[in-house]
Amino acid sequence: MASTGMKVKDLSVFYGEKEAVKKVSLSFSPKQVTALIGPSGCGKSTFLRSLNRMNDTIGGVRTTGEIWIEDVNINDPSIDVVELRQQIGMVWQRPNPFHKSIYENIAFGPRYHGIKNKKKLDEIVEDSLRKAALWNETKDRLHNSALALSGGQQQRLCIARSIAVKPKVILMDEPASALDPVSTSKIEELIAELKKEYCIVIVTHNMQQAARVSDRTAFFYMGKLIETDDTDKMFTNPSEKETDDYISGRFG
């Protein structure tokens, strides 16, 4: 599945009466990493979860605006959200492997979407684990429980699981915040590798991580998108005072 971008237009997200994300318009390019930064509670994770309609699973949440992937507005009520989440994968803050074998964690999605041939499933499992830089560590224990893996390995397994169904976009919500420095470094190397094929959007609290892994950065504050720019420019010469104050540590 070729990498594709996304365009968000006038997106607002309400929790009851509270507007948590305020009329955000933002584009994400294919084969690029965009980092979403900002203080806690500024709307970045809520915005990220809008991009594959995960907010639909939360009671009392209402979304307005448009999110386009290719020529489809995913906020259209007729959209099949199961199909949508195949195209737009999500990796969470804490690794959440299924209580199954390593092999079954990867094969589950393709099988759910109709692939039954064992040889084909074997190929998908190997290819996904290779892309997630996990094959050499797991190839001799594919039928062991995924829960026996270390935290960093579990997170790479979750990334492998998301790419097994051939998404177009991968969303990551602080994918390394629960990991040690060595595992974090492996996740960052993996992101650099995966962007050759995917559009990636990552929420991170870690300024250094945003600077290391992303091509573009978007700064959120109090539900608003304050500015977005190439990461190098954002971190050396931001246009807005609030961005400068946050990046230089004056608040947040």
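General observations
- Residue satisfying all of: in the range 179-196; outside any helix (DSSP H, G or I) and charged (D, E, K, R); nearest to GLN93 (Cα to Cα) among these: ASP180
- Contacts under 7 angstrom Cβ, first residue in the range 55-78 being touching a residue at least 40 places away in the same chain (Cβ under 8 Å), partner surrounded by 13 or more Cβ atoms within 10 Å (Cβ to Cβ) and among the basic types (Lys, Arg), 6 or more apart: ASN55/ARG49; GLY65/LYS9; GLU66/LYS9; TRP68/LYS7; ILE69/LYS168
- Look at (1) in a loop (DSSP other than H, G, I, E, B); (2) surrounded by fewer than 17 Cβ atoms within 10 Å (Cβ to Cβ) and you find that ASP56 fails only one, number (1).
- Among the candidates THR236, THR228, THR217, THR243, the residue that is without any contact (Cβ under 8 Å) to a residue 40 or more places away in the chain, of a type outside the set (D, E, K, R) and under 23 Å from MET6 (Cβ atoms) is uniquely THR243.
Residue by residue, here is whether (1) farther than 14 Å from ILE37 by Cβ; (2) in contact with a Leu (Cβ under 7 Å, 6 or more places away or on another chain); (3) surrounded by fewer than 19 Cβ atoms within 10 Å (Cβ to Cβ); (4) at pLDDT 95 or above holds:
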{"site": "ASN144", "(1), (2), (3), (4)": "yes, no, yes, yes"}
{"site": "ILE159", "(1), (2), (3), (4)": "yes, yes, no, yes"}
{"site": "LYS166", "(1), (2), (3), (4)": "yes, no, yes, no"}
{"site": "ASP229", "(1), (2), (3), (4)": "no, no, yes, yes"}
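- Restricting the range 1-14 to residues that are of a type outside the set (A, V, I, L, M, F, W, C) and either in a helix (DSSP H, G or I) or modelled with pLDDT of 95 or more (or both), the residue that is surrounded by the most Cβ atoms within 10 Å (Cβ to Cβ): SER12
- Qualifying positions in the range 147-163 - more than 15 Å from the chain's Cα centre (by Cα) and of a type in the set (A, V, I, L, M): LEU147, ALA148, LEU149
- So SER101, is it closer than 16 Å to ASP56 by Cα and either at pLDDT 95 or above or among the small types (Gly, Ala, Ser) (or both): no
- Those residues of the range 23-53 which are buried (at least 20 other Cβ atoms within 10 Å of the Cβ) and farther than 30 Å from GLY249 by Cβ, in sequence order: ASN52
- Sub-8 Å Cβ pairs linking a first residue in the range 80-93 that is over 22 Å from ALA132 (Cα atoms) to a second residue that is part of a helix (DSSP H, G or I), at least 6 apart or interchain, are VAL81/ASP56, ordered by first then second residue.
- Single residue of ALA211, ALA192, ALA218 found to be more than 16 Å from the chain's Cα centre (by Cα), at pLDDT 95 or above, within 14 Å of ALA35 (Cα to Cα) and of a type outside the set (Asp, Glu): ALA211
The values are calculated or read from the model by the stated rules, or taken from the named source; none is laboratory data. All values derive from a computational prediction rather than experimental measurement. No Cβ is skipped: glycine too gets one built from the backbone with ideal geometry, and neighbour counts run over all protein chains shown.
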